[in-house]
Every structure is written in C-alpha cells, then in structure tokens.
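Asker: Please see the structure below; I have some questions.
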Amino acid sequence: MMSSMDFLLFTKGPLFQVAIAIFVLGILIRLVEIFALGRSRNFAEPRGGQVIPGLKTVYKRFNPDPGTFRRAPFDVVVGTVWHIGFIVALLLFIPHVEVIKATVGLAWPGLPNPVVDAVTAITLLGLIAALIHRLTHPVKRFLSTPEDYVIWAVTFLPVLTGYIAYHRLVNPYPLALGVHILTAEIFLIVLPFTKLTHIFTAVVARWFNGANFGRKGVQS
Amino acid sequence: MSGFSLERGLQALREEMDAPVASFFSSCVHCGLCAQACPFFVETGDPKYTPIHKLEPMRLLWEREFTLWGRLKHLVGLGRKVTDDMLAQWEPLLYDSCSMCGRCSLVCPVGNDIAYMIRKAREGMVASGHAPEGLIAASVRAVNTGSPMGLQWKTLEVQIKHVETSSGLEVPIDRQGADYLVLLSSMEIINFPEYLEAITRIFDHAGVSWTLSRQCFEATNAGIQIGSKDIAATLVQRVVDAAEALGVKNVISPECGHAYTAIRWEGPNAIGRSYPFRVFHIIEVLDQLRAEGRLRTEGKEMDRLSMHDPCNLARKSGVIDQQRHLMDLVADNFVDLKEHGKFQWCCGAGGGVSSNERAEALKMAAFKRKKAQIEEVEPERMVTMCATCRTQLEEGLEEFNMDIPVVGLTEMIADHLVEKERA
C-alpha cells in the first residue's frame, strides 16, 4: 500500500510532469486551432488602427462600463475579487514561487503567509458566492452546462485543499499536501479542454474585439 | 427560393469560422453579462434572449468540427449535433430578438464580439432556409426592383419635382464627375420626404457638387440584414456601378444606420475589392462642411432636445462627435441621454427587426429601454439621423402616449441656414 509520503512524491514527481506536459501541449493546440483559422482580408477603408485599440481593450475589459456595473454589481465585485484572490494565491504564495522557479526558472518575491492566507479565505468565499449566484440567477442558471459546474469544482478544489494543507486541518501532512498538488494537477489537465482556456484565449478575444471596433474608430 | 438545406446552412457557417470566432467561443464562461447589455433581455427578462445563447448552434458546430477535443468527443459519439429543428428553433432568437446593435460586444468581460458572430450566424440561417418571411420578401424586392419596399424611380421623380418646386432649386440627376453621389433609403423617401429637400438646400447653400443617380438611388442593403453575402454583394455592386459610371469622388449614405455600415464597412468585403471612391454618412459630410465654415446658420432651437444615436452610426462606425457638433450649431438646450455614444441603447428596430412582422411585439418590448432613457432626461423633442430609428421612436412614443416629436438632424440644420443672397 502506498504511504502518504509515497503519494506526495508521486504527485510531486511523475504526475506533475504529466500534468505540465498535457497543459502546455493542450494550450498550444488550442491556440494553434484559433490562429490557424485566420481572418479574411478587410477591404474597407479603416477609420482607426487595430493594434493599439486591441491592446487597450485587453486592459479595459478588466473595468466594466458604469452601466454594466450598475446592472450587475454582484457579478463585477465577486468576479473581480475571486479572480484576483486566485491569482495572488497562485503566484505570490512563497512555496508556489519556489515551484515556479524550479519548473520554469523565473522567480519573484512572494507575499507574507498570513496575507496569502487571508486572500485565500476571501477567494473561497468568493467562489462559493459565485456558485450560489450561478445556481440562482435566472440567466446564469439558464446558460450553465455541467461543464460550468465541473470547472467551478476544478477551480475551487486547489484553493480549498491548499487552505486545508496550510492550516494542517487534515493529517498526515504529506497526504494533505499531496491532495492539494493532485487537485492543482487536475486543474492543469482539465484547463485546455474546457472553458478554463479563457485564461489564455480571453486575451486573444479581447484583442480581436478591440481591433474590430478600433478599425471603425471606436475604442471598445 | 429553393435549394436551401441543412447541409448548405452548415457549410455557410463553416465558411464563417475565423480566428476571432474561435477565440470568442473558447473564452465564454457563461457569465451572462451580455444579457444585461441587450434590450431584448432587459425588457423581457427572458433568459433565452441572452446574446451568447443566440449563437449556440454556431458554437456547437465550431466545437464539433474546429476543435481537436470536439472531434474526439464526436468520434466516441458524444456531443450534440446541429439539426434542422435546432436551426428552426433558433430562427426567432437570431432575427426577432436581435437588432445586431452590438452593445453586448462592448460589455463582454472576455471580449467576445457577439454582434460580429450574429452577423455570421445569419449566413447559415439563410442558406438552411431559416430566415424570416418579412426579410426574405424585402430581399427579393430589393434584388428584383432595386428597393426593399418595391419603390421605383418614377415615385422618387415625383418627389424630386416637389422638392424643386418648393425650394426653387434644381436636384441634380446623373451629373458626371460630381463630388458626391447621394443615396437615399426607400423608407426615407416614403416617410420623410423632407430629407431630400433639406440636403438640396444645404448643398446649394454650401456650394457642394452633388448628384442623384437614376441607375441606383437605394442605399439600404437587405442582404446585410438577412445575412446573405450574395445578396449583399449584388446590392452593393449596384451602388459601385452607379458611382463608377458617374465618376464621383464620394458616396453619401442617407440618414439610415444599416445602409451606412453596409456600404461603408461590409460593401468592399462583399464585392472583394476596395472602392475608387470614399463613403460618408450625411452627418459626417455636414460636420465637415461645418468645420470648413461652409454652413452658415442663424437662430437656434430653444426647446429641450435630446438625441438618439443610431447603433450603426455610433457604436458600430465611430460617428459620435459629429452629430453633437451639429447640435451645438442649432440647439440651445440640448441634453444627451445618460448612456449615449458608443454605449447608447438600440431603439429596438434595427438589424432587420423592423422588416420582420413576426417580431413586432418584441420590437416594441425592446423599445421600452429607449423609452426609459428618454423619460430620464425629459426632452420636448428627440433628434436622430436614421429613418428606421426615427420611425421606431415615433411609433414607440405614440404607443406609450408620450407627446415627443422626433426630427431628423439634417432637416433641423436646413431649417437654420442663412438665406443665400441671390446673384
């Protein structure tokens, strides 16, 4: 029988390699699939540029227009909070920085553990609120498919198991940490095959949007 | 019309798939914020009118045939197939409840240009035989008679005579080498004959060299609304032929939103080449004349005026400041609606909705958003620069017993011209 330490070593070793490989290859395929379709030539005389308006739109969609904020404040606030929280916990927790450094060679300063801990707690609450909203809001419930709930779970679990492992809420520790790493690997493996790809493709989508409108002289 | 089939529809959709579409479908997380940008959802509260949902058949086809994962799912018998029934079910969603106003494209957090995809999805609907009767009839009339309302040159000629009598000016016809070829819309000719007189007087005042063309006077393009590249190309080609025959330098699209996007943005792509002339909306031309000091006006409108930006002109074409400069010229008490310019709300009638009798109730429902906006600023009159918007505003305001007349901006400018001294 596998000990909790064996399990941890397995998740940190071979499984991690496999997850990273699927993630990188999967995302590459997705991006190639998108760009290979190309765009047909546009013969209409442009009113404005595409590149700069496209880049501006990539940034601008982080801040919704005032009308949308007024009509959907919950979406905007909760969505923004948990997305930022998730990114902070992922990229600025010191042990995560170490893993990234060991994997891709890039490093940056992390945040003190208590700060990341608080951010993680807020992120968990934000994700739970987002799920409740999805289950109750008429439009969200109508649009939601099983995939939407699967990716919610796949996103929620690494945060939850990270929080559990950090606070030693489950013993033995190697098991708790192994489970956390496993859920992170599931996230990586699932990402390219689901709408989690928006993490990468939304940048592309926003750019195309900004370029389409920019060409006509409108900053979207 | 014959030869429509599911397979032709799917093929038309396949041809519409491009990198932007793939990036948009890859990015949607079903947040539903596009619904909050759509007058058809906001005023009915029915989730099926959520903009991205209107593209579900196109998304299914993309996933199944344009992604590795979708193809794998398809191989093991998973994933839904687009059926003829499904397209039939989506017909009212893609036509009756969407004016292609593009407001959703401006608010989507992941950046999906949803209106861009609706336009493409309609190509598949036409090819599969799922376009609304009203739009098919308008397209057939446009192709056969040159006008979506079946209007003939002789009708316009009567109006030209009228304008000439009342203004004492000549309406130039088929004048070779004129600077501007003026196009009209049938709806304008029928509902708002004052437009032709207004431009006749303004152009005389400013000394603009212009002409109408007997060969082609219609600016609107039913092919763009129904979603048929072939029909769109046929209709645009007529404008190009007329402009080239007369050797004009510029073509002016009338007070009509979709005609402008059709000729200005889609036209060159429909015929697959750039034009040897430039295209302007009448409002752009008037603002240019103003900037050059060629519009001398006197007196101002003193009542409280507000303005409706046509989606096709403002959000979809970047003509936003020009109409405001012109308002400043002739209006003393102008107040903008709260959300205006690129964030304006559609009147509810664009994108073919007004030619589709089946959509009548939805069209009036969507108007309630505009009504609410108008009520916020309480104008005495509304000004706009699109015949479809204007008709919808007039009908809607009457429906709700609001005594607010609607005027076209071009006529308002013409009313304030300083009388020219006769030489």
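Asker: What nm value, rounded to one decimal, do you get for the distance between A:Ala36 and B:Asp328 when each label is placed 7 Å out toward the C-beta?
Answerer: Rounded to a tenth, the inter-label distance reads 5.3 nm.
Asker: Over the whole of B:31-42, what's the average partner chain Cβ count within 10 Å per residue? Rounded to a whole number, please.
Answerer: 5
Asker: Would you list, by chain and number, the aspartates and glutamates whose Cα falls below 20 Å from the Cα of A:Lys56, excluding same-chain residues fewer than 8 positions away?
Answerer: Partners within reach: A:Asp65, B:Asp113.
Asker: Now, a different point. Near B:Arg64, within a Cβ-to-Cβ distance under 14 Å, what is the net charge of the other residues, with Lys and Arg +1 and Asp and Glu -1?
Answerer: +2
Asker: Please give every one of the lysines within straight-line cross-link reach of B:Lys300, meaning a C-alpha to C-alpha distance under 29 Å, and leave out same-chain neighbours fewer than 8 residues apart.
Answerer: B:Lys338, B:Lys342, B:Lys370, B:Lys371, B:Lys420
Asker: Taking amide H positions as placed in the peptide plane 1.01 Å from N, state which residues far from B:Phe334 in sequence (5 or more) or on other chains have amide H under 5 Å from it.
Answerer: B:Leu305
Asker: State the answer as a single residue: which of A:Trp108, A:His167, A:Gly178 lies farthest towards the positive end of the charge dipole of the range A:88-220, with beta carbon charges of +1 for Lys and Arg and -1 for Asp and Glu, about the Cα centre.
Answerer: A:Trp108
Asker: Sticking with this structure for a sec: Considering only the protein assembly as shown, what is the antiparallel percent among its DSSP beta bridges, to the nearest 5?
Answerer: 5
Asker: Moving on to the next point. On a 0 to 90° scale, report how tilted helix A:198-215 is relative to the longest principal axis of chain A, with both axes built from alpha carbons and the result rounded to the nearest 10.
Answerer: 10
Asker: Just the number: Rg to Rh for the protein assembly as shown, Cα atoms, Kirkwood Rh, two decimals.
Answerer: Ratio of gyration radius to Kirkwood radius for the protein assembly as shown: 1.04.
Asker: In addition: Using a Gaussian network model of chain B whose springs link C-alpha atoms within less than 10 Å, name the residue from B:Gln215, B:Gln89, B:Gln159 with the highest mean-square fluctuation.
Answerer: B:Gln89
Asker: Rg/Rh for the range B:145-290: what does it come to with C-alpha atoms and Rh from Kirkwood?
Answerer: Rg/Rh: 0.94.
Asker: If you place +1 on the Cβ of every Lys and Arg and -1 on the Cβ of every Asp and Glu, how big does the dipole about the Cα centre of the range B:85-180 come out, in debye to the nearest 20?
Answerer: 60
Asker: Still on this structure, I have one more. Specify which residue in the list B:Ser253, B:His205, B:Pro276 is farthest towards the positive end of the charge dipole of the range B:145-290, using unit charges on the beta carbon of Lys, Arg (+1) and Asp, Glu (-1), about the Cα centre.
Answerer: Final value for the positive-end residue is B:Pro276.
Asker: Can you give the log10 of the normalised intensity I(q)/I(0) at q = 0.23 Å⁻¹, computed with Debye over equal Cα scatterers of the range B:249-295?
Answerer: Each listed q corresponds, in turn, to -0.81.
Asker: What is the sum of charges around B:Gly227, taking Lys and Arg as +1, Asp and Glu as -1, for the other residues whose C-beta is under 10 Å from the C-beta of B:Gly227?
Answerer: +2
Asker: Placing +1 at every Lys and Arg Cβ and -1 at every Asp and Glu Cβ, with all other atoms neutral, what dipole size does the protein assembly as shown have around its Cα centre, in debye to the nearest 20?
Answerer: Computed about the Cα centre, the dipole is about 2160 debye.
Asker: If the only charges are +1 at each Lys and Arg Cβ and -1 at each Asp and Glu Cβ, what is the size of the charge dipole of the range B:295-415 around the Cα centre, to the nearest 20 debye?
Answerer: Computed charge dipole of the range B:295-415: roughly 640 debye.
Asker: Further, regarding this structure: Please find, in a Gaussian network model of chain B (springs between Cα atoms separated by less than 10 Å), the residue of B:Asp328, B:Asp287, B:Asp174 whose mean-square fluctuation is greatest.
Answerer: B:Asp328
Asker: Students often get this wrong, so check it: of B:Lys316/B:Lys363; B:Lys48/B:Lys363; A:Lys216/B:Lys363; B:Lys48/B:Lys73, which have C-alpha atoms separated by over 24 Å?
Answerer: A:Lys216/B:Lys363; B:Lys48/B:Lys73
Asker: Also, quick follow-up: Can you give me the angle between helix B:282-291 and the longest principal axis of chain B, using Cα atoms only, in degrees from 0 to 90, rounded to the nearest 10?
Answerer: 50
Asker: If you don't mind, there's one more thing I want to ask. What is the sum of charges around A:Phe142, taking Lys and Arg as +1, Asp and Glu as -1, for the other residues whose C-beta is under 14 Å from the C-beta of A:Phe142?
Answerer: Around A:Phe142, the charge tally is +2.
Asker: May I pose another question? Have a look at A:Thr68, A:Gly48, A:His83 and report the one farthest towards the positive end of the charge dipole of the range A:14-132, computed about the Cα centre with Cβ charges (Lys/Arg +1, Asp/Glu -1).
Answerer: Positive-most Cα among the choices belongs to A:Gly48.
Asker: Quantify how strongly other chains surround peptide A:43-50 by giving the mean number of their Cβ atoms within 10 Å of each of its Cβ atoms.
Answerer: Across A:43-50, the average partner-chain Cβ count within 10 Å equals 5.
Asker: I would also like to ask the following. Within 10 Å of each Cβ in B:262-274, how many Cβ atoms from other chains are there, averaged over the peptide?
Answerer: 3
Asker: Please list, or write none, the aspartates and glutamates whose alpha carbon is within less than 14 Å of the alpha carbon of B:Lys81, excluding same-chain residues fewer than 8 places away.
Answerer: Qualifying aspartates and glutamates at Cα under 14 Å: B:Glu7, B:Glu56, B:Glu63, B:Glu65.
Asker: Now for a different question. What relative contact order, as a whole-number percentage, does chain B give when Cα pairs under 8 Å and 6 or more residues apart are counted?
Answerer: Averaging sequence separation for qualifying contacts and normalising by length gives 17 percent for chain B.
Asker: Return one number: the angle in degrees, 0 to 90 and rounded to the nearest 10, between the long axis of the Cα atoms of helix A:14-36 and the longest principal axis of the Cα atoms of chain A.
Answerer: Relative to chain A, helix A:14-36 is tipped by roughly 10 degrees.
Asker: Another one. May I ask you to order A:199-209, A:55-65, A:116-126 by the average number of other C-beta atoms within 10 Å around their residues, highest value first?
Answerer: Ranked from most to least packed, the peptides come out as A:199-209, A:116-126, A:55-65.
Asker: Calculate for chain B the 222 nm mean residue ellipticity that helices alone would give, adding -39,500 (n - 2.57) per DSSP H run of length 4 or more and normalising by residue count, nearest 500 deg cm²/dmol.
Answerer: -14500 deg cm²/dmol
Asker: Which three semi-axes in whole Å describe the equivalent ellipsoid of chain A, each the square root of 5 times a Cα gyration tensor eigenvalue, listed largest first?
Answerer: After scaling each eigenvalue by five and taking roots: 35, 22, 17 Å.
Laboratory data are not the source of any read-out in this text; all were calculated from the coordinates shown. Bear in mind that the values here come from a model prediction, so they are computed numbers and not experimental data. Neighbour counts run over all protein chains shown; Cβ positions are idealised from the backbone, glycine included.
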